[in-house]
Structure formats: structure tokens, C-alpha cells
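Quick one: this structure, given as C-alpha cells, is what I'll be asking you about.
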Amino acid sequence: MKNVYFVQPSAMLNKSVYLPYAAGCIAAYSFAKQDIRNEYRLCDFIFMKSPIQDVISTLDNPFVIGFSCYMWNIDYNLSLAKAVKEKWKDCIIVLGGPQIPDDFDVLAQNPFADILIHGEGEHSFYELLKALADGEDLQNVHNISYRSAHGLSRTQTLLIPSLEDFVSPYAAGLFDRITENPAHKDLQFDAVLETTRGCPHKCIYCCWSGMEGKFRQFPTQRVKDDLKWMATHKVAFCICADSNFGILDRDEEVASYIIELKKEYGYPQKFETTATKNKSDLTFRINSKLESVGLNRGISLAIQSFSPDVLKIIGRQNLSFDAFSKELERYRNSGMFTYTDLILGLPGETLDSFCRGLFNIIEAGQHDSININRCELLPNTIMYRKEFVEQYKIRTISSRLCQNHSRINENDETGSRSDVVVETSTLPESDWRTALRISTCVQGFHCFGLLKFFAIYLRKAKNISYYDFYMNLYDWIEHKSVFVKNTLDTVCESIDRFLAKKGNLSFSDTRFGDIYWDFQEGLFLLCAADAERWRTEIRYFLSPYFDDQSLFEDLFNYQQECIALPNQTDKQLTCKYDWKEYFEKTFDKNFTHPVKKVCNYKIAAPNINDWENYSKEIVWYGKRSGKFINKISE
């Protein structure tokens with residue numbers, strides 16, 4: 001019997017780690033077949049980034065090792081594959097997954113790699129094992145590149161139209177050995193669910209855009225069986241890998257089944273999806289049901305760009321501004337947390353169009369969470385193609401990817417890689433840098449609440465747009481501020497190192513734990529940690545907006561006392577204006593000015609006394625529930 005191993009490692013976040021779903025699918029398809037079981041033994045899954053030599057010591061004469069590669073594990077996989085080859089020169093190294101482009105480059109650059117699988121790997125890996133067992137020419141194995149006597153060869157492409165005979169690794173019991181292993185008793189396992197594959201859209205930055213496979217769906221019973229396995233094996237977090245959950249009418253049935261499972265078993269505790277863009281009513285019904293039992297982690301209302309030129313280039317259609325605003329209002333009125341994504345660095349975007357898109361999101365009513373995703377050049381996308389890169393003069397910088405909230409310096413040599421777009425024909429590198437700094441300010445000061453109440457008041461009472469307020473703030477920071485400028489520079493200092501190809505995009509400070517933070521989180525934490533200097537200096541920027549200094553002082557006190565900090569105790573705050581009612585009616589266009597009356601508020605503090613716990617509980621875990629704002633009652 002020949003020994004087969006699979007590798008799909010992910011980073012561990014707070015003792016939580018993903019089960020190796022993609023590798024499991026490959027293994028389940030092959031080992032469901034008797035001819036494979038007659039020749040091969042399925043030995044183990046490597047699903048954590050353990051030290052390379054520790055992994056090597058656990059392997060037993062491997063014949064084939066299949067590596068599932070994506071940006072967060074590609075460097076680790078290559079390092080492990082090289083070490084395997086050095087010890088077992090006859091072991092066949094097979095690389096697949098979204099990070100493997102449809103060319104020979106990975107083989108040419110890594111002499112220890114033997115075979116690449118392009119696209120979906122279930123059928124190709126089965127054909128490969130069968131050919132190796134039978135001593136057949138690999139030319140008959142579809143969708144692979146390999147080393148032959150004639151050099152590097154690419155075989156014929158075969159599209160797999162149906163998912164009916166694809167075997168689930170959950171139902172096949174392949175992960176039972178992981179979850180039931182006593183050595184893993186302290187781990188919390190997260191899981192991936194597929195109900196469909198493919199995407200009807202062609203967004204140029206997405207991996208689905210460059211693949212020829214059609215949009216297909218797994219049988220409903222398989223989906224339910226997978227969810228049942230997760231529930232009975234106490235999987236806390238399930239992420240749905242579908243690109244458009246809610247595009248099928250049956251998705252409401254799937255959501256209802258998840259709710260039944262949570263009520264019966266208590267699991268999964270959270271279910272996250274990427275919602276379809278064109279069925280807002282169905283998506284809202286699904287999200288409402290999930291919200292009713294606490295399954296939602298937040299609803300994504302993604303925009304990516306507001307620029308018509310950009311949307312045309314990237315092949316995407318968005319909701320109109322009014323439709324987007326109404327969707328935000330619908331979810332807000334239902335008490336559901338939403339977040340909105342923008343991508344920085346898309347072809348056709350300019351500094352001005354990016355910033356105006358950013359502030360359009362706030363004008364539409366998104367005050368809680370805006371995610372700025374840095375555009376990355378991913379293999380197998382339309383955007384990755386040479387002619388596209390040349391047309392839009394796309395330039396990238398490759399560096400180690402520091403996942404937010406992963407441990408500092410974890411797996412430095414075998415971490416993950418990210419190819420970030422830092423320049424296009426319409427966005428010079430200097431403008432990319434500026435856009436990243438501006439968006440960090442908006443996220444940290446507005447979405448985390450440090451200046452949110454001032455920005456809303458000035459918008460309602462004085463018709464000062466969010467664009468004007470925050471762009472003026474950024475100009476003041478760069479040219480007049482001392483503390484805030486130094487703070488922003490500290491958070492963003494890795495940007496210049498990154499642009500000089502001497503580092504990666506990350507922020508960390510050991511006061512807040514041994515992990516990486518998003519720039520917006522870092523900006524908030526540093527201002528909160530030096531709250532007195534923040535308050536003293538920001539007054540100089542805010543005060544000139546007000547003729548009535550008494551009102552300014554009242555709002556200033558209310559704004560500052562609303563921010564949750566460590567070592568706070570419950571207190572009372574007396575205000576001359578009813579700010580609580582005013583900001584509860586943020587979206588009432590007729591309520592432009594606060595009512596002048598004496599109000600006594602009770603401020604409920606978070607009752608956390610150290611910065612590390614505060615950072616984790618309030619900023620990391622509490623970000624989506626707004627825990628950084630103190631609870632206020634009259």
C-alpha cells in the first residue's frame with residue numbers, strides 16, 4: 001500500500017482553526033473508489049502550520065502528498081514540500097488550489113514540485129492516482145502540468161459539469177480523526193460549507209472570473225448532511241464558500257435547516273455568507289431568520305467601488321446609491337449589523353474617485369463598519385492575465401501577508417504571501433499611499449466612534465458633508481497636528497517600508513497583545529491609550545466649526561464620555577442638550593438640531609482593567625457589536 005498525505009494548513013486564531021475542507025474534498029472523491037483503496041492508504045491531513053521538522057517527523061514513507069494552496073499557506077506549503085523532497089526524493093509532490101496559476105511557473109521555479117493541478121481537483125487527483133498505480137502516461141490525466149522526458153507538459157482541459165457524484169469529506173468521516181483526536185481537545189474547529197460552485201458574474205479580481213466552469217449546485221441533501229455533521233461535531237463557526245448565497249430559492253430552506261440545528265444542538269453558533277447581489281428581498285428574509293437565533297456575524301453590503309468607470313472595467317454592477325441607502329435602512333431598522341467593502345487599487349480608480357466613494361458610503365447611512373480591502377493580484381483571475389496587467393499598467397509588491405489578529409512573527413519564514421496592487425494607470429503609488437492613510441482615518445475616527453458624533457452633527461446641523469469634514473481633518477493632521485500626526489504615522493509606518501520592499505503591511509503594539517491589528521484598529525487603540533492628549537489636541541480642529549462654544553463643549557464632553565476605555569467606572573454625565581435623542585434620530589432629516597434641555601445620563605463602562613483584554617474584547621470581538629461605545633441611559 002502506498003501512503004498518501006494531504007496538506008492544507010491555516011493560521012490559528014485564538015485556538016480556532018479551520019478543518020482542511022478543500023483537501024478533504026480531493027481525498028473523499030478518490031478514496032470513495034475501491035480501485036484507489038486497493039492501492040493507497042489515506043494517512044493524514046496536515047491542517048496547522050506546525051514547525052516543518054515536526055511535520056516531517058510524523059510522515060511515514062509518503063508516496064504522494066497533495067498540497068492545497070492559497071495565499072495564506074503557499075509559502076508554508078512550498079517550504080514543507082521542499083523538506084519532504086529532501087528526505088524522500090521519490091515522493092510525488094502535487095500542488096493545487098487557487099494559488100496555482102494555469103501555467104508552468106510554479107514547476108519552473110520549484111524543482112522539488114512534480115505535478116500541478118489546475119482548477120477543481122477532485123477528478124484530476126483521482127485520475128492521477130489511478131495512472132500512477134497502473135504505470136500509465138500522465139498525459140491522459142486531465143487538467144495537470146508535470147515534468148516529462150520532454151520537459152514541462154500540460155494536459156488536456158476537462159470541465160466537470162456536475163457535482164452530483166462529488167463526495168463530502170464530512171459525510172465520509174475524514175475529519176472525525178481530527179476532531180476526535182485527544183491531542184486536539186483544546187482546539188475549536190471551524191468549517192467551510194459549499195452549496196454551490198462557480199459564479200454567474202465575472203468580476204475581474206475574483207478567482208471565479210478566470211475559470212470556465214459553470215455555476216452549479218450541490219444536492220440539497222448533501223448540504224444538509226454536511227450541516228448536520230458540523231452541528232453534531234460542535235463546529236462553532238461555519239463560513240459558506242458560495243459566491244452568491246441567496247441566489248437560489250432553496251437557500252432559504254438551507255438557512256431554516258441551520259436554525260433547526262442550532263436550536264437542537266447549539267451549533268453552529270455563527271454562519272457567515274457572501275450574499276447574492278440581485279435578490280435583496282430573499283437575502284433579507286434569510287438574514288432575518290439567521291439573526292433571530294444569533295447566527296449572523298454581520299451582513300455584507302459590498303460596493304467595491306462607486307465609480308462608473310471602475311465598475312465597467314471590473315465587470316460589476318452595483319446597487320444605485322438610493323437602492324444601497326434603502327438596503328442599509330432596512331437592515332438598520334431591523335437591528336442587524338452591516339458592513340460595507342471597498343477595494344483600494346482597482347483599475348480605473350483615482351484618488352478622488354476612491355475618496356468620494358468612501359464618503360458616499362457614509363452619506364448613504366453606513367456609519368458602523370467600512371472594510372478597505374487592498375486589491376491583490378490573484379492567480380486565475382482575469383486581472384492576473386498579462387495583457388490586462390499591461391493595459392492598465394498594474395504594478396504589485398509581494399510581501400508576507402500578516403493576517404489580522406494572528407500572532408506576531410508566527411511562521412516568519414513559512415507564512416503567507418500577498419501580491420498587493422500599489423499602482424495603476426490612474427492611481428500612482430503616492431496616491432495609493434494617501435488613500436490608505438485617509439481611509440485609515442475615516443475607519444478609525446468615524447466607524448470606531450472617536451469623531452462620529454461630531455461628523456453627524458455637522459452634517460445635520462450645518463450641512464457640512466462627510467467628505468469635507470474628513471478631508472479637512474486629514475489636511476489638518478498632515479500640516480498642523482502633532483500628536484494625531486505622530487499617531488497616524490506610527491500606525492502606518494509599515495506602508496513606507498512595504499513600498500520600499502523592506503517589510504509588510506502590519507501594525508502591532510505589545511500593549512495590546514502579541515498579535516497583528518488592522519490599521520483602523522491600531523489608530524483607535526493608540527488614541528484611546530493616550531486619551532488625554534487625543535482630547536487636548538483634537539479640540540483645536542473641532543472648535544472652529546462652532547460659533548456657540550457652550551454647545552461645542554457640551555457635545556465634546558458627550559463625545560468623549562461615550563468612548564469605552566479600560567479602568568473606567570460607571571458615572572453620570574450632565575448635558576445641556578439631549579444628545580442621546582439627537583443621535584438616535586441621526587436619520588431623521590427633520591431633526592437637524594438637538595433639543596436644549598438638561599439631561600442626566602448614566603454611562604455604563606465596560607469593566608475591563610487591562611489593555612490586552614480590552615483590545616481583544618472591545619476592539620476585536622466587540623467591533624461588530626459596537627462595544628467601543630459605552631451604553632448610555634437617562
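The values are calculated or read from the model by the stated rules, or taken from the named source; none is laboratory data. Worth saying up front: this structure is predicted, and the values here are computed from it rather than measured. For neighbour counting, all protein chains shown are included, and Cβ atoms are generated from backbone atoms with ideal geometry for every residue, glycine included. These area figures cover heavy atoms from the full protein model, side chains too; ligands, DNA and RNA do not enter into them. Shrake-Rupley method; radii C 1.70, N 1.55, O 1.52, S 1.80 Å.
Name the single residue, out of those in the stretch 106-127 being part of a helix (DSSP H, G or I) and in contact (Cβ under 8 Å) with a residue 60 or more places away in the chain, that is farthest from the chain's Cα centre (by Cα).
Y126
Filter the stretch 324-366 down to the residues that are among the acidic types (D, E), open to solvent by 40 Å² or more (accessible area, probe 1.4 Å) and over 23 Å from E584 (Cβ atoms) and list them by number.
D352
Pairs needed: first member in the stretch 523-541, under 16 Å from D610 (Cβ atoms) and without any contact (Cβ under 8 Å) to a residue 12 or more places away in the chain; second member anywhere, among the polar types (S, T, N, Q) and surrounded by fewer than 18 Cβ atoms within 10 Å (Cβ to Cβ); C-beta distance under 7 Å; at least 6 residues apart or different chains.
That search, which allows pairs on different chains as well, returns nothing.
Out of R385, R400, report the one residue that is within 22 Å of the chain's Cα centre (by Cα) and open to solvent by 10 Å² or more (accessible area, probe 1.4 Å).
Only one candidate passes the filter, namely R400.
If I filter the stretch 502-531 down to residues being acidic (D, E) and over 18 Å from F445 (Cβ atoms), which single residue comes out as surrounded by the most Cβ atoms within 10 Å (Cβ to Cβ)?
The extreme case among them is D509.
Can you confirm whether Y21 is aromatic (F, W, Y), open to solvent by less than 30 Å² (accessible area, probe 1.4 Å) and modelled with pLDDT under 95?
No; evaluated as a whole, the condition is false for this residue.
Specify which of the listed residues (K228, K214, K202) is in contact (Cβ under 8 Å) with a residue 12 or more places away in the chain and touching a Pro at 6+ places or on another chain (Cβ under 7 Å).
After applying the criteria, what remains is K214.
Residues D176, D190, D137: which one is closer than 30 Å to K277 by Cβ, out of contact with any Asp or Glu (no Cβ under 9 Å at 6 or more places or on another chain) and acidic (D, E)?
Result of the check over D176, D190, D137: D190.
Can you name the residue in the stretch 66-86 that is assigned to a helix (DSSP H, G or I) and small (G, A, S) and is also nearest to the chain's Cα centre (by Cα) among such residues?
Residues of the stretch 66-86 that are assigned to a helix (DSSP H, G or I), as a first pass: 74-86.
With small (G, A, S) added as a condition, the list becomes 79, 81, 83.
On the way: S79: 25, A81: 27, A83: 30 Å.
Ranking the qualifying residues of the stretch 66-86, first place goes to S79.
E617 passes all but one of (1) open to solvent by 30 Å² or more (accessible area, probe 1.4 Å); (2) in contact with a Ser or Thr (Cβ under 9 Å, 6 or more places away or on another chain); which number fails?
Answer for E617: the failing condition is (2).
Which ones in the stretch 185-208 are surrounded by fewer than 20 Cβ atoms within 10 Å (Cβ to Cβ) and small (G, A, S)?
G198
Would you confirm whether or not the stretch 175-196 contains a residue that is in a strand (DSSP E or B) and of a type in the set (S, T, Y)?
The first filter runs over the stretch 175-196 and keeps only residues in a strand (DSSP E or B), leaving 188-193, 196.
Of the ones still in play, those that are also of a type in the set (S, T, Y) are 196.
For the stretch 175-196, residues in a strand (DSSP E or B) and of a type in the set (S, T, Y): present.
When the residues of the stretch 138-184 are filtered to those that are of a type in the set (A, V, I, L, M, F, W, C) and free of Cβ contacts under 8 Å to residues at least 24 places away in the same chain, which remaining residue is surrounded by the fewest Cβ atoms within 10 Å (Cβ to Cβ)?
Selected residue: A149.
Please note which strands (runs of 3 or more DSSP E) are completely contained in the stretch 1-64 and include at least 2 residues that are closer than 28 Å to F218 by Cβ and among the hydrophobic types (A, V, I, L, M, F, W, C). Outline the logic, then answer.
Working: elements: 2-10, 16-18, 40-48.
Result: 2-10, 40-48.
So which residues in the stretch 532-580 are of a type outside the set (A, V, I, L, M), assigned to a strand (DSSP E or B) and crowded, with 18+ Cβ neighbours inside 10 Å?
Passing the criteria: C575, Y577.
Being out of contact with any helix residue (DSSP H, G or I) (no Cβ under 7 Å at 6 or more places or on another chain) and within 18 Å of S168 (Cα to Cα): is that true of A28 here?
Yes: the conditions hold for A28.
Check the stretch 255-276 and report whether any residue there is small (G, A, S), out of contact with any Leu (no Cβ under 6 Å at 6 or more places or on another chain), at pLDDT below 90 and open to solvent by less than 40 Å² (accessible area, probe 1.4 Å).
Scanning the stretch 255-276 turns up at least one residue that is small (G, A, S), out of contact with any Leu (no Cβ under 6 Å at 6 or more places or on another chain), at pLDDT below 90 and open to solvent by less than 40 Å² (accessible area, probe 1.4 Å).
Of the numbered conditions (1) at pLDDT 95 or above; (2) touching a Gly at 6+ places or on another chain (Cβ under 9 Å); (3) over 30 Å from S398 (Cβ atoms); (4) of a type outside the set (S, T, N, Q), F587 satisfies every one except a single condition; which is it?
The one condition F587 does not meet is (1).
A follow-up question, please. Have a look at L311, L295, L282, L290 and point out the one that is under 19 Å from the mean Cα position of the chain (by Cα) and either assigned to a helix (DSSP H, G or I) or modelled with pLDDT of 90 or more (or both).
Of L311, L295, L282, L290, the one residue that is under 19 Å from the mean Cα position of the chain (by Cα) and either assigned to a helix (DSSP H, G or I) or modelled with pLDDT of 90 or more (or both) is L295.
I'm trying to understand the selection: among the residues of the stretch 82-106, which are out of contact with any Ser or Thr (no Cβ under 6 Å at 6 or more places or on another chain), farther than 12 Å from G119 by Cα and surrounded by fewer than 22 Cβ atoms within 10 Å (Cβ to Cβ)?
Answer for the stretch 82-106, where residues must be out of contact with any Ser or Thr (no Cβ under 6 Å at 6 or more places or on another chain), farther than 12 Å from G119 by Cα and surrounded by fewer than 22 Cβ atoms within 10 Å (Cβ to Cβ): K82, A83, K85, E86, K87, W88, K89, D90, C91, I92, D105, V106.
Then there's this: Determine if the stretch 333-355 includes at least one residue that is assigned to a helix (DSSP H, G or I), under 22 Å from the mean Cα position of the chain (by Cα) and at pLDDT 95 or above. Reasoning before the result, please.
Narrowing the stretch 333-355 to residues assigned to a helix (DSSP H, G or I): 333, 351-355.
This time we only want the ones that are under 22 Å from the mean Cα position of the chain (by Cα), so: 354-355.
Right, trim to at pLDDT 95 or above and you get 354-355.
Within the stretch 333-355, one or more residues are assigned to a helix (DSSP H, G or I), under 22 Å from the mean Cα position of the chain (by Cα) and at pLDDT 95 or above.
Please go through (1) in contact with a helix residue (DSSP H, G or I) (Cβ under 8 Å, 6 or more places away or on another chain); (2) at pLDDT below 95; (3) open to solvent by less than 20 Å² (accessible area, probe 1.4 Å) for C240 and return the number of the only condition it doesn't satisfy.
Of the numbered conditions (1) in contact with a helix residue (DSSP H, G or I) (Cβ under 8 Å, 6 or more places away or on another chain); (2) at pLDDT below 95; (3) open to solvent by less than 20 Å² (accessible area, probe 1.4 Å), the odd one out for C240 is (1).
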